[in-house]
Amino acid sequence: MSLDLPMLAISFENAIVLLNVVFALVIVGFILYRFISLRRNPEPRPPLNLAPGMPDDVLEGRKLERVLGWALLFTIILAVALPLYFLFEPTRQATANGTFLKQSVVRGATLFANNQSPYYDATTSLLCANCHGVHGEGGSTTFTLQPEADICQLKQNQSNPNVPACLPQQVVWQAPALNTVLWRFNPDQVTDVITYGRPGTPMPSWGVASGKGVLGPQGIQDLVNYLQSIQIPLKKAQQQATAAIGAFKTQAEQSVTSAQGNLTSVQQALATAQAQHQPAATIAAEQAQVAQAQAQLSSAQANNALVQGESDGAVLFSVNCARCHTQNWSFYDPTKLSQAQPCNVAAGAPPAQACGAFGPALDAGRSLVQFPGSAGRTQQINWVTVGIPAQQGYGIRGISSGRMPHFGNLLTPQQIAEIVDYERSL
């Protein structure tokens, strides 16, 4: 979507002010002209009180008509201008608000932009588009995971290459789409996310209120207004949410195809090395590559088998909920065996779900504890559909933080019920 820079349209009241300024300049110019002309051509004249007056036929003739004509003209201007002013006055505030909003959207576009955007400014742009896409369609970014294992508390294990679990890991973190974010969150929630960020993720704190950011309230509002301007139509967003089920399963299939291609490639390299009687060390290295590629293929196949057999509710959970409720889900790749796995399951094993991360854990029957019985199921569906404002209760003595998105706009009631039933089955 392209944004049009706001044009400076002249409002009616500004036109009146401009007209008054023009008249004032004309009067001042006339006075200066008369002053300069008299200075250049001084004429000895008697004092005005001694000068002979104009005869009545002159005074009450064309001169009087000119004066009355000018008076009539200015009376007509006032008679027309005043009603027009009061006619347009009620819309003045709305027009000013609309103009300010357009300017705010452009400022937000500049803050969001990267160098692929026409609104990019090297001095003010925050490069949000680097992670979330030039048009807010979603993207990815690199992120460094810090060691969390207990053994890494020991000084001798920290940054020790012989203890891989204690080494920082570079991962590719999937950043969410923002062109549908206001169909899931309300503006206040989006404001909080921008202001305070998401600790433990690549999303930084941008607000001064967080003690870490650079944006004041108006800068944050500019970004929220820009995001509002790029929201795709609701119907299209709903279609994308439904299509994500098939796309998720296709992605799992593609990971198998990619792993199979990688295995074929390294097997050919091994065969070439053996045929050329290359050194034993080279052949051993190629064999290690083949073994790793076989492990990656096995992991991708196990993940694909799991995904293809999942219910729509499980897939919808993976697409919409897992990034908050499943540890490490935002960068999970079944072919990257060296990375931290979701819920810290063994490398190559199918990922566990809902063990908790930014959002609370939902596995081990926790949903049934929080929302017991059939009445609890109804409350849980409502919780996922519309959310609960901050500091209000939900379920059994739950207190909302106000961060839970609502999916009633994007998902159908049946899809939400399928997600809830899946969560209650864990």
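The values are calculated or read from the model by the stated rules, or taken from the named source; none is laboratory data. Computed from a predicted structure; not experimentally measured. We place every Cβ from the backbone using ideal geometry, glycine too, and count neighbours over all the protein chains shown. Quick note on the areas: whole protein, heavy atoms, side chains included, nothing else; ligands and nucleic acids left out. Shrake-Rupley method; radii C 1.70, N 1.55, O 1.52, S 1.80 Å.
Before moving on, here are some points about what is shown:
- Assigned charges on the beta-carbon of Lys, Arg, Asp, Glu; the chain dipole about Cα centre (debye): 720 debye
- Only helices enter this figure: runs of n ≥ 4 DSSP H residues, each worth -39500 (n - 2.57), summed and divided by the residues of the chain, yield -17500 deg cm²/dmol at 222 nm to the nearest 500.
- Length added when fully stretched, Leu306-Ile151, from 0.36 nm per residue minus Cα-Cα: 52.6 nm
- Listed as lacking a disulfide-compatible partner in the chain: Cys128, Cys131, Cys321, Cys324, by the criterion of no other cysteine Cβ under 4.7 Å.
- Given charges at Cβ of Lys, Arg, Asp, Glu: the chain dipole, positive-most of Ile36, Phe74, Tyr120: Ile36
- At R0 = 22 Å, FRET efficiency that the Cβ-Cβ distance of Phe30 and Thr75 yields, to 0.05: 0.55
- Shape call, the range 117-164: gyration tensor on alpha carbons, a/c limit 1.5: prolate
- Part-to-part distance (alpha-carbon centres) for the range 387-425 and the range 199-218, which is given in Å: 27 Å
- Correct option for semi-axes √(5λ) of the Cα gyration tensor in Å [calculated from the coordinates] among (1) 43, 22, 19; (2) 36, 22, 20; (3) 72, 29, 20: (3)
- Cα→Cβ-extended label distance, 7 Å offset, between Ser298 and Thr378, nm: 5.0 nm
- Surface share of carbon and sulfur [accessible, 1.4 angstrom probe, percent] for the chain: 60 percent
- The range 68-106 and the range 320-380: distance between their alpha carbon centers, rounded to Å: 60 Å
- Using a probe of 1.4 Å on the protein chains alone, the accessible area found for Cys152 is around 10 Å².
- The value for the range 77-143 of Rg(Cα) / (2.2 N^0.38 Å) is 1.85.
- Inverting the pair-averaged 1/r between distinct Cα atoms of the range 20-165 gives 25.0 Å as its Kirkwood hydrodynamic radius.
- Springs join every pair of Cα atoms under 10 Å in this Gaussian network model of the chain, and among Gln276, Gln296, Gln379 the largest mean-square fluctuation is at Gln276.
- What the range 219-304 shows is 53 Å² of accessible area per residue, with the surface traced by a 1.4 Å probe over protein heavy atoms.
- Calculated FRET efficiency for the pair Gln392/Gln240, C-beta based, R₀ 22 Å, to 0.05: 0.15
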